[in-house]
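Novice: Here you go, one structure.
The values are calculated or read from the model by the stated rules, or taken from the named source; none is laboratory data. Only a predicted model underlies this, so the values are computations on that prediction, with no experimental measurement involved. Heads up, the Cβs are rebuilt from the backbone with ideal geometry, glycines too, and the neighbour counts pull from every protein chain shown. Remember, those area values only see protein heavy atoms, side chains included, never the ligands or the DNA or RNA. Shrake-Rupley method; radii C 1.70, N 1.55, O 1.52, S 1.80 Å.
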Amino acid sequence: MKDIVYDIPTVTQTARRHTLAVLVDNEFGVLARVIGLFSGRGYNIESLTVAEVEHDKLRSRITIVTSGTEQVIEQIKKLLEKMVPVYKVHDLTVEGPHVERELGLIKVAGEGTERVEALRVADIFRARVVDSTIASFVFEITGESAKIDAFIELMLPLGLVEICRTGVAAMSRGEEGI
């Protein structure tokens, strides 16, 4: 008896990076609930920033960078929109052009030529020295995440000691606001 083999076409979706801007009430527990939504379903948060943006209305803006298939991202957006303290959810990645920036503080310790090379690389990347000792530098660098990643990669062999990053801040271009 022959085995029957069915040729079923499969649709594979690739995960894509998305930046979500979420306007929420600035109240106790909201951030924990948003994070719980992600962790409870096994979704990863690559970057997270939160700040009060409307003091008079007590509202904060949460910027979340995550990756997933279109189906997963749509599910995340729908679940966020159902949360009571959420006013708006914007997927900046699909809504149009937007600006993303991140700040990094990078500590590098080295001597001699490594110190000189670290300063040269920092100059190329327009990173500023915000602290300097005989043995180390702390550089401040702003820009897209990929720029900061590249800077860190070049600092590794030059004595990279510590990294601190703010996470992505993002805003849509044009005259409309969130």
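Novice: Starting from 0.36 nm per residue, how many nanometres of slack lie between residue 120 and residue 142 once their C-alpha separation is accounted for?
Specialist: 6.2 nm
Novice: Just to be sure I understand: with springs between alpha-carbon atoms less than 10 Å apart, which residue in 141, 163, 73 has the highest mean-square fluctuation in the Gaussian network model of the chain?
Specialist: So, out of 141, 163, 73, the one fluctuating most is 163.
Novice: Taking all protein chains as present, what is the carbon and sulfur share of the accessible area of the chain, in % to the nearest whole number, probe 1.4 Å?
Specialist: Of the solvent-accessible surface of the chain, carbon and sulfur hold 54 percent.
Novice: Describe numerically, in nm with one decimal, the distance between label points set 7 Å from Cα along Cα→Cβ at residue 48 and at residue 75.
Specialist: Placing both labels 7 Å along Cα→Cβ, they lie 1.9 nm apart.
Novice: Separation of the stretch 116-139 and the stretch 69-86 by C-alpha centroid, Å?
Specialist: Comparing the Cα centres of the stretch 116-139 and the stretch 69-86, I get a distance of 42 Å.
Novice: Something else now. Per residue, how much accessible area does the chain have with a 1.4 Å probe, in Å²?
Specialist: 64
Novice: A further question on this structure: Return the ratio Rg/(2.2 N^0.38 Å) for the stretch 47-178, where Rg is computed over Cα atoms only.
Specialist: The reported ratio for this selection is 1.33.
Novice: How much length, in nm to one decimal, is gained on full extension between residue 27 and residue 150, taken as 0.36 nm per residue of separation minus their Cα-Cα distance?
Specialist: Residue separation times 0.36 nm, minus the Cα-Cα distance, leaves 40.6 nm.
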